[in-house]
Amino acid sequence: MPRHSERTQSWRVGVLFSQTGVTSVIEKTQLNGTLLAIEELNSAGGVLGRQIEPVIYDPASEPYRFRDLALQLTNVDKVNVIFGCYMSSTRKAVLPVVERHNALLFYPTLYEGFEFSPNVIYTGAAPNQNSVQLAHFLMESFGKRFYFVGSNYIYPYESNRIMRDLVRQSGGEIIDERYLPLDAVEEDFESVVVDIVKNQPDVIFSTVVGQATAHFYRAYARAGLNSDMIPIASLTTNEADIREMGAEVACGHYTSAPYFEGIETEENECFVARFRARFGADEPVTSGAEAAYFQVHLFAEALKKSGDIGTEVLRNELMGGEYSAPQGRVRIDPDNGHTYLWPRIARVDANGRFVVVATTSSAVKPDPYLVSPQVNDWSLRQFKIMQTAPHMANRSKLK
Amino acid sequence: MAANVLKTLRDLRVLVVHPHDQEGEILIRQLDRIGCQIEALWPLPDPLPAMADVIFITIQEDALDDLRRVCSDDGPLKPTLIALVSYEAPTVLQAVIDINFDAVITRPIRSFGVMANLVTARQVWLREKAQREKAHKLQRKMMSINKINQAKSMLMDTLNISEKEAYKLIRDRAMSKRVTTEEMAVSIINANELLQSLQKSD
């Protein structure tokens, strides 16, 4: 068979994760998750005997680059399936492109909700799959006086709106909220840390994303603060951020996400082993990487059934599609194109590893249009706190 | 008020007047994601069901008169109305204005925009409802003040007393009879009119 024919026989897909710029640390792990899944599928003979051929670009954490490269993928590379995007601003930039070309974007990132497009499959957590659980856990464990620190864009605003609502429902209070630029550095956080020390909240809810995450945690540690005094809780701080900031700085802080590197499932042990074998033992595996990984497999399962990469037929097969992901069995909800996921909360240990302290006994249905989640949301009945905060006993000393 | 609109979206009873086709499906499924309680009907019911909080109505360009009749503005405040239009032609938009729709969604219907329109329409409707109630209250108050003023000047003329004394007289009478000052004022006006007509016929 001539080579060019072999090439046209492949399933060509677009991959848009930033390898440079403010969110490249996390997006590189998502790129790795994507590539790992594609290579697994290809080495097992591809899908229906055809290899998956990724067309990879670096959108450099800039929304306009995402838009231009999405256009490049759809117009020039003639691709109608794209895996990519981290920040909501980049997804919003790609959205009109995939809608106009009737392409399909697989988005492996938690986000603020309130979106549905027939051209997007959402495999990250909606607020009812991470914020509700985190609010519940933090108020049970630490108290109800919250301090919000976030990056200055839509996701922190909306996440904070939800958290504020949940805290106030329980009679708690938000002492202050601060928003810093995406490219904020350690010194930029100093005044925030001073204000935190002054106000002595029970807990800090951080929606700082990207490289600023490590800067914030470092500024916090440098001021002599630690998680025994006031823990920082986040929806985004992940294994890659911890590697950036170091175990000592990260130790004791919390993250709510459907996946952590250390989850003890058979699927996850295989996944992490393969990930490390492919990208190096030190490469962090994140919740974004896991979603990026399983969404390629969901795509492949659907493609196997449809035999056709056309958006309509593929989407039909994707709706209700299931896969045994590293986090547990996931399923695409046909009602909204989001995914049933497994909420978990983990605490960073002294070695810089996440240890799961709260988990759920079944996957939680996504509810991306939930305006007012309730602190007593029914899904919490299956949410078990296995380990209370180890330093609770010390807290009285601080007051 | 805006926060309340957002927080009560899942309590809204929403009626969708739309043919059973793909666009209707897009709208209904989006309203389902938003979490409203939805009912779908076609064709346009006459009269509009009183139970709905919000009605999405397909505008049929060839049946604008029927729509005007069904949605005519007399009687109590209609539910929140959102028009689904295929044309931005002035004929259609005039009907949208005449019928007093709270928002307009243009075709093709997409998931995006349904929630934004629903929220703003509801907000506009609530504001209009509050304004109407306020206007009605003020109107009642004005009428009441008018009646009391009329009764006061009658008493001032007849009994040759000051305005203050006239008012005190009305108020004391009202209290002892356990009626409002307005009702007492009306009784005085009626009695005075009766007396005058008797005097005239003498």
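What the table below lists for this structure:
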read-out: Rg over Rh, two decimals, the stretch A:105-175 (C-alpha only, Kirkwood Rh); value: 1.03
read-out: Charge dipole magnitude, Cβ of K and R +1, D and E -1 - the protein assembly as shown, Cα centre, debye nearest 20; value: 1600
read-out: The stretch B:135-201, dipole about Cα centre (Lys/Arg Cβ +1, Asp/Glu Cβ -1), debye to the nearest 20; value: 300
read-out: Built amide H within the under 5 Å cut-off of residue B:104, gap 5+; value: B:83
read-out: Translational diffusion of the stretch A:192-285, µm² s⁻¹ [Kirkwood Rh, Cα pairs; Stokes-Einstein; 10 °C; 1.306 mPa s]; value: 110
read-out: Dimensionless Rg/Rh of the protein assembly as shown - Kirkwood Rh, Rg from C-alpha atoms; value: 1.14
read-out: Amide H contacts of residue A:47 (H built 1.01 Å from N, under 5 Å, at least 5 apart or other chain); value: A:52
read-out: Taking the stretch B:2-134 and dividing mean pair separation by its residue count, relative contact order in percent (alpha carbons under 8 Å, at least six apart); value: 25
read-out: Size of charge dipole - the stretch A:263-327 - debye, nearest 20, with Cβ of Lys, Arg +1 and Asp, Glu -1, no other charges; value: 220
read-out: Hypothetical label at residue B:62: residues of the stretch B:14-49 whose amide nitrogen lies under 17 Å (7 Å Cα-Cβ projection); value: B:19-20, B:43-44
read-out: At least 30 Å² accessible surface lost relative to isolated chain, residues of the stretch A:312-336 (1.4 Å probe); value: A:335
read-out: Neighbour net charge for residue A:176 - beta-carbon separation under 12 angstrom, K R +1, D E -1; value: +1
read-out: Computed helical MRE - 222 nm, chain B, DSSP H runs ≥ 4 contributing -39500 (n - 2.57), nearest 500; value: -19500 deg cm²/dmol
read-out: Whole-number D in µm² s⁻¹ for the stretch A:24-134, Kirkwood Cα-pair radius fed into Stokes-Einstein, 37 °C, 0.692 mPa s; value: 221
read-out: Whole-Hz couplings from phi, Karplus 6.51/-1.76/1.60, listed for the stretch A:40-53; x for Gly and Pro; value: 4, 5, 5, 6, 8, x, x, 10, 6, x, 10, 6, 8, 10
read-out: Sequence-distant lysines (8 or more away, or on other chains) whose Cα lies within less than 23 Å of residue A:198; value: A:144, A:397, A:399
read-out: Å² of accessible area per residue within chain A, as computed with a 1.4 Å probe and no ligands counted; value: 37
read-out: Threshold 40 Å², the stretch A:103-132 residues less accessible with all protein chains present than alone (1.4 Å probe); value: A:116
read-out: Interface residues in the stretch B:103-132 - accessible area drops by 30 Å² or more relative to the isolated chain, probe 1.4 Å; value: B:111, B:112, B:115
read-out: Accessible surface buried upon B-A contact (total; probe 1.4 Å; Å², nearest 100); value: 1100
read-out: Average Cα contact separation per residue, the stretch A:72-111, under 8 Å, 6 or more apart, as relative contact order %; value: 50
read-out: Cβ-based net charge around residue A:69, under 12 Å, with every Lys or Arg adding one and every Asp or Glu removing one; value: -2
read-out: Percent carbon-and-sulfur accessible area, the protein assembly as shown, ignoring ligands, DNA and RNA, probe 1.4 Å; value: 51
read-out: Reachable lysines from residue B:129, criterion Cα separation under 25 angstrom, eight or more residues apart if same chain; value: B:7, B:78, B:137, B:141
read-out: Residue A:68 - accessible surface, heavy atoms, 1.4 Å probe, Å² rounded to 10; value: 60
read-out: Alpha-carbon centroid distance for the pair the stretch A:186-221 / the stretch B:120-141, whole angstrom; value: 47
read-out: Cβ-based charge dipole, chain A, positive-most Cα from A:96, A:302, A:286; value: A:302
read-out: Solvent-accessible area of residue A:270 with every protein chain in place, 1.4 Å probe, in Å² to the nearest 10; value: 60
read-out: The stretch B:2-134 - accessible surface per residue (Å², probe 1.4 Å); value: 51
read-out: Antiparallel %, DSSP beta bridges [both residues in the protein assembly as shown], to 5; value: 30
read-out: Cα-based Rg of the stretch B:135-201 normalised by 2.2 N^0.38 Å, two decimals; value: 1.16
read-out: Where A:248, A:283 fall by accessible area, highest first, once all protein chains stay in place (1.4 Å); value: A:248, A:283
read-out: Local electrostatic count, residue A:124, Cβ distance below 11 Å [Lys/Arg +1, Asp/Glu -1]; value: -1
read-out: Set of the stretch A:259-273 residues, backbone N closer than 13 Å to the point 7 Å along the Cα-Cβ line of residue A:351; value: A:262-263
read-out: Among B:86-98, B:43-55, the order from most to least packed when residues are scored by Cβ within 10 Å on average; value: B:43-55, B:86-98
read-out: Probe 1.4 Å, all protein chains present, accessible-area order of A:290, A:190, largest first; value: A:190, A:290
read-out: Those residues of the stretch B:166-202 whose amide nitrogen sits under 18 Å from the label point placed on residue B:160, 7 Å along Cα→Cβ; value: B:166
read-out: Kirkwood-Stokes translational diffusion coefficient of chain B, alpha-carbon pairs, 4 °C, 1.567 mPa s, µm²/s; value: 62
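The values are calculated or read from the model by the stated rules, or taken from the named source; none is laboratory data. Predicted, not measured: the structure shown is a model, and the values here were computed from it. Methodologically, a virtual Cβ is constructed for each residue, glycine included, from the backbone with ideal geometry; neighbour enumeration extends over all protein chains shown. SASA here: full protein model, heavy atoms, side chains in, ligands and nucleic acids out. Shrake-Rupley method; radii C 1.70, N 1.55, O 1.52, S 1.80 Å.
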